[in-house]
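One structure is given below, encoded as structure tokens.
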Amino acid sequence: MNMDTLVSLCKRRGFVFQSSEIYGGTGSCWDYGPLGVELKNNIKRLWWRDHVQLRADMVGLDASILMHSAVWKASGHVDHFTDPMVDCRACQRRFRADKLDEAPWIHSCPAKKDTKFEVPGGEPCVHCGNRRTLCPECGKGQLTEPRQFNLMFRTFMGPVEEDAAVTYLRPETAQGIFVNFENVLQSMRLKLPFGIAQIGKAFRNEITPGNFIFRVRELEQMEIEYFVNPLDTVAGRPADEYWHEQWIEERRAWYRRYGIAAGNLRLREHGKDELSHYSKRTVDIEYRFPMGWSELEGIANRTDFDLKQHAKFSGKSLTYFDEERRTHVVPYVIEPSAGVDRSFLAFLADAYREEEVRGEKRVLLGLHPELAPVKIAVLPLLKKRDEIVARAKEIRTELARRWVTVYDDTAAIGRLYRRQDEVGTPFCVTVDVQTVGDPEKGEPGDDRVTIRERDSMEQIRVPVAELVRIFQELLGGQPWSSVVQRYPAQDRA
Ligand code: ATP
């Protein structure tokens, strides 16, 4: 499966659109359409439920995007949040120097009498030791030496555009948590270890955005700052190291729980030379995206760097009183930092399947039911029969009180099923002539409908009165096989 297939499915079926498309698009921003916003909300809801609501040691926060400009000096972003950038002298395009090397390049080697050959991505020429010097886009221009480019979007707070009013759109949600550490600690009377979670927008003026929603300039993050007592040991290890491992496993298991194949996830340890200025250790969870293995989430041990920096710059004490030891400590912090947009792309890519059913291609999004944008589609077998349409609409209204349920009568039933498969709807309910009966012939209806399950395409016929209970089970996590068994074989269509 390649990225183009996903991009086209996303556009065709209302998941993701190019931002400002009628004006030619921006190339780095995307809009989530009617189905996309449901999937995105589901990702955020599950993350919040699993990591905040179900845990006794976590609380939430929603800090503002615009913050005091001193925050970004204290955090190191003004000085360090940069990427190395190179320009092409011919076509003027800009590239991120550290990502340029990843693709293979054609090299005219001076050590080989200017013969041309391809050098694999990430490697210098084995003969002359040079790295790529020509533009990967136009192939002609020389590239400049790398310069550091700050990725923060600058803006002005208030009506006067002067230096004193300069601030930045936050490039990460984390700092909103650090500056509220004391507020949350005091108001919630928390004991270490505890975590503060936040979901929100962040902005990065990426030099080379791309790969669809993988690298965008306006992104959404799901971040946890998990504070631990640096004087504690757990299971024979320093508390920060123990909790770092716990969170790596917890977060990997979370992606697995909602359907991502184990073989498409891997951990990557940051080398000492690439660690951020605040990090003692960072491990990325990587996903096998259509363009190759890339970062899905970063899990860093930020030590006491941020709290100490903010204490220094603000003059406020940001410590925790360890009652047992009768001493103030600055907590260490473990930060699992995930991207909503990258998770969206990973869940979608992992769910995409093409199958052959009775000689025809079936495109299927095998999304976990909790992630699926639409849970149930109610479909009339014949849209010309008013009673069938009316009953189907009644059933939709009833189910929509509890789950995202749609009604569709714009095609024949086979086509309607395929459309729902393509957007990952786990269950279809079909209303037919038998359901409503035939008043002209004096035949009463049985008020039963067919439920079709997306993955197996199996169908069962069940009383309408039992639909809510059945979906409570199915959408509450019970397997289809356990529900199928309750209905006698002759009921199966
Ligand atoms: P990269 O090396 O890919 O630029 P990063 O290491 O700068 O990413 P972090 O600062 O660790 O990323 O951000 C945490 C998470 O936020 C990432 O794992 C990713 O899921 C998400 N993220 C960061 N930058 C972007 C972006 N430009 N577009 C989409 N998601 C992003």
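The values are calculated or read from the model by the stated rules, or taken from the named source; none is laboratory data. Just so it is clear, the model here is predicted, and its values are computed rather than measured. Backbone-built Cβ (ideal geometry, glycine too); neighbour counts: all protein chains shown. Surface accessibility is based on the protein's heavy atoms, side chains included, excluding ligands, DNA and RNA. Shrake-Rupley method; radii C 1.70, N 1.55, O 1.52, S 1.80 Å.
Data table
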quantity	calculated
Output for the range 328-338, where each listed residue is within 25 Å of Ser69 (Cβ to Cβ) and open to solvent by less than 30 Å² (accessible area, probe 1.4 Å)	Val333, Glu335, Ser337
Candidates Glu370, Glu356 - the one that is over 22 Å from Val449 (Cβ atoms), of a type in the set (Asp, Glu) and open to solvent by less than 50 Å² (accessible area, probe 1.4 Å)	Glu370
Breaking point among (1) within 17 Å of the chain's Cα centre (by Cα); (2) more than 25 Å from Thr319 (Cβ to Cβ); (3) open to solvent by less than 70 Å² (accessible area, probe 1.4 Å); (4) among the acidic types (Asp, Glu), for Glu223	(2)
All positions within the range 317-327 that are assigned to a strand (DSSP E or B) and either within 16 Å of the ligand (Cβ to nearest atom) or open to solvent by 40 Å² or more (accessible area, probe 1.4 Å) (or both)	Phe321, Thr327
Top-ranked residue of the range 391-415 - restricted to ones that are out of contact with any Phe, Trp or Tyr (no Cβ under 8 Å at 6 or more places or on another chain) and in a loop (DSSP other than H, G, I, E, B), ranked as nearest to Pro426 (Cα to Cα)	Val404
Subset tally (residues that are farther than 21 Å from Arg13 by Cα, out of contact with any Gly (no Cβ under 8 Å at 6 or more places or on another chain) and open to solvent by 50 Å² or more (accessible area, probe 1.4 Å)) for the range 27-54	4
Qualifying residues in the range 281-316 (those that are over 23 Å from the mean Cα position of the chain (by Cα) and either open to solvent by less than 10 Å² (accessible area, probe 1.4 Å) or modelled with pLDDT under 95 (or both)) - the one nearest to Glu182 (Cα to Cα)	Leu307
Test: residue in the range 189-209 that is part of a loop (DSSP other than H, G, I, E, B), modelled with pLDDT of 95 or more, of a type in the set (Val, Ile, Thr) and within 16 Å of the ligand (Cβ to nearest atom)	no
Selected residue (only one of Ala90, Ala97, Ala63 is open to solvent by 40 Å² or more (accessible area, probe 1.4 Å) and not hydroxyl-bearing (Ser, Thr, Tyr))	Ala90
Strands (runs of 3 or more DSSP E) wholly inside the range 32-121 containing at least 1 residues that are of a type in the set (S, T, N, Q)	82-87, 105-109, 115-119
Selection within the range 328-339 - within 16 Å of the ligand (Cβ to nearest atom) and farther than 14 Å from Ile285 by Cα	Val333, Ile334
Residues within the range 145-174 that are more than 12 Å from Ser69 (Cβ to Cβ) and open to solvent by less than 30 Å² (accessible area, probe 1.4 Å), tallied	5
Filtered residues of the range 340-353 (kept if touching a residue at least 24 places away in the same chain (Cβ under 8 Å), open to solvent by 20 Å² or more (accessible area, probe 1.4 Å) and more than 16 Å from the ligand (Cβ to nearest atom))	Tyr352
Residue under evaluation Asn180, criteria (1) open to solvent by 20 Å² or more (accessible area, probe 1.4 Å); (2) within 16 Å of the ligand (Cβ to nearest atom); (3) under 18 Å from Leu318 (Cβ atoms); (4) among the polar types (S, T, N, Q), criterion not met	(2)
Ala311 being within 14 Å of the ligand (Cβ to nearest atom) and hydrophobic (A, V, I, L, M, F, W, C)	no
Filter result for the condition that a residue is of a type in the set (Asp, Glu) and without any contact (Cβ under 8 Å) to a residue 60 or more places away in the chain, over Glu335, Glu323	Glu323
Of the criteria (1) hydroxyl-bearing (Ser, Thr, Tyr); (2) part of a loop (DSSP other than H, G, I, E, B); (3) in contact with a Phe, Trp or Tyr (Cβ under 9 Å, 6 or more places away or on another chain); (4) surrounded by 18 or more Cβ atoms within 10 Å (Cβ to Cβ), which one Ser456 fails	(4)
Enumeration of residues in the range 8-26 that are surrounded by 18 or more Cβ atoms within 10 Å (Cβ to Cβ) and part of a helix (DSSP H, G or I)	Leu9, Cys10
